[in-house]
Amino acid sequence: MLGELQVLLAGRARDELDSIEKRIEPGFGWRVTTRLITNGHVDPLYGIRELPPVLIFVLSSNWAEELRVLADRPIGTRVPTVIVGPRENTQAMRMAMHGGARDYFTFPVPADDLNRVLRQIASDQLVNVRNDGTAESGPQLAVVVGAKGGAGSSVVAANLALALVVDRMSVSLLDLDLQTGSLPTLLDLNPTGGGLEEAIRRAPEIDEVAIEGYMLRHHSGLRLLSPTERAPLGYSPDPERLERILGLLKRGYERVIVDIPRQLDFSSAVALGAADRVFLILQQDVAHLREAKHFIESAAGYAGLDPKRIVAVVNRWQKRGTVSVEDVEKALGGIQVVRLPNDYERISDSVNSGIPVVEAAPKTAFGQAMKKMSRLLELESTKKPKSRLGFSLLGWNRG
Ligand SMILES: Nc1ncnc2c1ncn2[C@@H]1O[C@H](COP(=O)(O)OP(=O)(O)O)[C@@H](O)[C@H]1O
Ligand SMILES: [Mg+2]
């Protein structure tokens with residue numbers, strides 16, 4: 001049922017790795033990869049592009065430095081870790097636990113306990129949010145973020161979510177803009193009933209059915225999880241709880257759209273770490289372009305976000321703008337670029353009425369462009385074939 005789960009077993013002594021590998025229960029679907037570290041790197045995950053779901057790390061005499069490096073990894077790039085370390089060393093144990101280790105063993109490693117913690121991690125993986133974007137279900141979780149405030153991230157998030165609902169998907173929308181969130185207004189919903197605050201408080205004990213109780217119901221079928229009040233300045237929810245909430249939403253819905261504020265914090269790092277796609281909204285000027293570039297660099301460093309998952313969305317696009325799509329592509333290192341037309345009046349109306357353009361005026365240029373954008377979250381195999389006029393999915397991005 002669990003499929004194959006990779007366990008990375010890393011350390012500096014071959015015989016130690018062998019003795020642990022022998023104790024891992026066969027037939028449970030584990031695929032154990034051993035990594036004998038022989039060079040000067042202290043981080044057992046150094047240079048690994050696709051992070052494993054579980055790490056078992058055998059410390060060496062350099063344990064303090066090894067634990068420090070693991071604990072310093074940015075939130076979005078951490079891996080559930082089991083440490084095997086020196087015996088009767090309370091300092092090493094405490095450092096391991098503070099760094100988020102799931103358990104701490106000494107040699108000889110007790111097979112029963114080791115397998116129990118591995119099974120526990122495996123069952124957590126079922127609500128795990130880390131995704132390589134190539135799962136059978138397609139890109140499931142998308143983050144929408146503005147290069148600058150006012151770029152249009154909330155307008156895009158609301159319309160994108162609704163476009164997917166129109167396409168008969170079950171969709172939830174999560175508002176992580178805890179200070180200036182506007183999704184309830186954009187969808188004419190009244191934030192009541194516990195909301196995100198309560199969902200976060202109860203995150204450790206609720207399941208994907210119970211979380212429904214904290215969500216607002218849009219008449220289209222879309223569900224919105226948003227704060228009911230403005231968060232106190234500087235507040236940031238516990239990353240593990242938030243990670244669990246994202247996992248529950250992923251379990252309950254085919255697509256999850258998350259609107260995050262531009263300011264990178266722990267919450268946005270969790271969301272970015274979980275994202276299969278990131279839509280980076282910018283407007284057609286040099287200031288937005290500069291901020292977009294900065295975001296791509298800092299999200300890579302802070303949350304380990306692979307730029308390949310980012311799609312740049314030039315919002316309020318106008319033909320005679322000073323910055324072209326080619327300029328944007330070039331400046332952002334060749335990432336995919338799509339455009340959303342400028343339509344001030346219609347979007348102001350939709351913001352004021354709480355009826356997104358995709359619902360109020362789906363035939364307009366903005367409505368159509370949103371629909372096309374939503375196809376980037378479809379499964380490859382269900383994408384519409386190329387039109388006979390020769391427009392490809394990429395074609396509409398250009399010129
Ligand atoms: N394509 C567009 N054309 C015209 N105006 C737009 C467009 N997209 C957004 N806007 C305007 O920009 C404002 C800010 O959008 P919003 O989504 O709230 O920004 P953000 O969430 O990035 O801060 C909206 O209220 C709307 O008036
Ligand atoms: Mg917003």
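Numbers below:
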{"quantity": "Residue within the stretch 339-355 that is of a type in the set (S, T, N, Q) and touching a strand residue (DSSP E or B) at 6+ places or on another chain (Cβ under 7 Å) present", "calculated": "yes"}
{"quantity": "Residues (without any contact (Cβ under 8 Å) to a residue 60 or more places away in the chain and either of a type in the set (Val, Ile, Thr) or surrounded by 14 or more Cβ atoms within 10 Å (Cβ to Cβ) (or both)) located in the stretch 112-123", "calculated": "VAL117"}
{"quantity": "Where a residue in the stretch 17-45 is of a type in the set (Phe, Trp, Tyr) and its partner, wherever it lies, is assigned to a helix (DSSP H, G or I), with Cβ under 8 Å and at least six apart", "calculated": "PHE28/ASN115; PHE28/LEU118; PHE28/ARG119; PHE28/ALA122; TRP30/LEU118"}
{"quantity": "In the stretch 78-93, the residues that are modelled with pLDDT of 90 or more and within 22 Å of PHE266 (Cβ to Cβ)", "calculated": "THR81"}
{"quantity": "Subset of the stretch 343-356 (residues that are over 15 Å from VAL313 (Cβ atoms) and either in a helix (DSSP H, G or I) or modelled with pLDDT under 95 (or both))", "calculated": "TYR344, GLU345, ARG346, SER348, ASP349, SER350, VAL351, ASN352, SER353"}
{"quantity": "The stretch 168-194, residues that are among the aliphatic types (A, V, I, L, M) and more than 10 Å from ligand 1 (Cβ to nearest atom)", "calculated": "MET169, VAL171, LEU173, LEU174, LEU176, LEU178, LEU187, LEU189"}
{"quantity": "Breaking point among (1) under 12 Å from the mean Cα position of the chain (by Cα); (2) at pLDDT below 90, for LEU272", "calculated": "(2)"}
{"quantity": "Candidate set from the stretch 319-339 (those that are in a strand (DSSP E or B) and either among the aromatic types (Phe, Trp, Tyr) or under 19 Å from VAL286 (Cβ atoms) (or both)); member that is nearest to ligand 1 (Cβ to nearest atom)", "calculated": "ARG339"}
{"quantity": "Matching residues, the stretch 6-21, being surrounded by fewer than 18 Cβ atoms within 10 Å (Cβ to Cβ) and among the hydrophobic types (A, V, I, L, M, F, W, C)", "calculated": "ALA13"}
{"quantity": "Which numbered condition SER298 misses (of (1) crowded, with 20+ Cβ neighbours inside 10 Å; (2) away from ligand 2 (no atom under 16 Å from the Cβ); (3) modelled with pLDDT under 95)", "calculated": "(1)"}
{"quantity": "Listing of strands (runs of 3 or more DSSP E) fully contained in the stretch 36-111 that carry 2 or more residues being under 21 Å from the mean Cα position of the chain (by Cα) and surrounded by 16 or more Cβ atoms within 10 Å (Cβ to Cβ)", "calculated": "54-58"}
{"quantity": "Sole residue being out of contact with any helix residue (DSSP H, G or I) (no Cβ under 6 Å at 6 or more places or on another chain) and on the phi > 0 side of the Ramachandran plot, chosen from ASP177, ASP188", "calculated": "ASP188"}
{"quantity": "Selected residue [modelled with pLDDT of 80 or more, of a type in the set (A, V, I, L, M, F, W, C) and outside any helix (DSSP H, G or I)] from VAL117, VAL144, VAL129", "calculated": "VAL144"}
{"quantity": "The stretch 356-380 residues that are in contact (Cβ under 8 Å) with a residue 40 or more places away in the chain and over 22 Å from HIS219 (Cα atoms), paired with ones that are assigned to a helix (DSSP H, G or I) and of a type in the set (Phe, Trp, Tyr) (beta carbon under 7 Å, 6 or more apart)", "calculated": "none"}
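The values are calculated or read from the model by the stated rules, or taken from the named source; none is laboratory data. Note that the structure is predicted; figures quoted are calculated from it, not measured. Counting neighbours? That spans all protein chains shown, and the Cβs are built from the backbone with ideal geometry, glycine included.
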